[in-house]
1. What list do you get for E114, E176 if you sort them by fewest beta carbons within 10 Å?
2. So if we plug the beta-carbon distance of R118 and T295 into 1/(1 + (r/R0)^6) with R0 = 51 Å, what FRET efficiency do we get, rounded to 0.05?
3. Quick check: from the Cα gyration tensor, does the stretch 79-135 come out rounded (a/c under 1.5), prolate or oblate?
4. Quick one: work out Rg over Rh on the C-alpha atoms of the stretch 177-223, Rh as Kirkwood radius.
5. Which log10 I(q)/I(0) values does the stretch 276-330 give at q = 0.13 Å⁻¹ under the Debye formula, counting every alpha carbon as one identical point scatterer?
6. Which of E204, E256, E24 ends up with the largest GNM mean-square fluctuation for the chain, with Cα atoms connected below 10 Å?
7. Which aspartates and glutamates have a Cα less than 16 Å from the Cα of K257, not counting those fewer than 8 places away in the same chain?
8. Given the Cα-Cα distance of D221 and E165 and 0.36 nm per residue of separation, how much length would full extension add, in nm?
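Derivation of every value follows stated rules applied to the coordinates shown; laboratory data play no part. Note that the structure is a prediction, hence the values are computed from the model and not measured. When we count neighbours, we look across all protein chains shown, and the Cβ atoms used for this are built from the backbone with ideal geometry, even at glycine.
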Amino acid sequence: MNLTDELQSAIADEVAAMGVGHRELAAAAAALSRRYRGPGPATGPPWSDASIAAYLVTRLPATLGATAAALSAVAAARPRWRPRTLLDVGGGPGTVLWAATRVWESLDRLMVVERNPRMLAVGRRIAQRAPHPALRDATWLASDVTAGHWDQPADLVVAAYVLGELPPATRAPFIERLANSASVLVMVEPGTPDGSGRVLAAREVALAAGGRTVAPCPHDDACPLAAPDWCHFAARVARTRLHRQLKGGQAPYEDEKFSYGAWASDAIACEGMVPGRVLRHPRIDPGRITLTLCTVGGPSTEVVIARDRGSFKAARKVTSGGTWPPTASDR
């Protein structure tokens, strides 16, 4: 999912108003990348104009793409679900809100909890450009996410790229509180071994709190993957000209690798478990495509040959994170 024209324009205006020089902006972007990809907790100096501008240009599109992919997987698993309330915990400038309202138009009451008032102010201004009325009318609460000032039930609770910023000892009680507040809880982390490990730890807490897996796992059993492998996916994100300059690349896109989990606590926890999840981009060879899958029985490999035209066509279309075998509409 790429930025809408409204969001891209709003970001450009915010960055221009900050007046940060290119060299300072590039340094801030590099520091942010290290901060989000590290083992955590992702602490750093207070948010400056340069770091906020760098976040808007480089991290916001990546967070939007990864979160949108995770939420779309939830929507695919529960096609009849129509959430109305959303709580975005540790939401920065409300990136999750832009992704969620494009996945579910039914959302009509949104709240962002973020400890940094400057990020909240930026998010509030950007939200005024949104086409979705609920986003323009969102509630913005300045609070430490580990404090108890925001507790309230919501249909959908999302914490994207938050666990890595918390001290390890605070994570389990934090996740348990989210799980007890949500009909569906979605957590997104960087697609690194550390990020995947944090999602797996969150999975244990969410399931222990009575949750059921929605995505990406096809089961509620222990994760069958073993080191050095780890569960992660990729979302393709379009780059603006400034984004390319800051990253020092020419490609008009980048692939944001992420790990995620989604668990439901309500009565319609899942409308049908995923039969299998594609763990890696398919390997395409002449006349055959090899898929690496996570299934109820554990990791497996499936080879699809060209003679099976329907499956072969679907295998050429499926990407990392997709379901397998395909439905009739996927063929």
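1. Numbers: E114 23, E176 15.
Fewest-to-most ranking of E114, E176: E176, E114.
2. On the way: r = 46 Å, r/R0 = 0.90.
Approximately 0.65, to the nearest 0.05.
3. Values: a/c = 2.67, a/b = 1.69, b/c = 1.58.
Prolate shape, in that a/c is at least 1.5 and a/b is the bigger ratio.
4. 0.94
5. Each listed q corresponds, in turn, to -0.26.
6. In this elastic network of the chain, the residue with the biggest mean-square fluctuation among E204, E256, E24 is E24.
7. E189, D194, D229
8. On the way: separation 56, 0.36 × 56 = 20.16 nm, distance 2.74 nm.
Result for the pair: 17.4 nm of gain on full extension.
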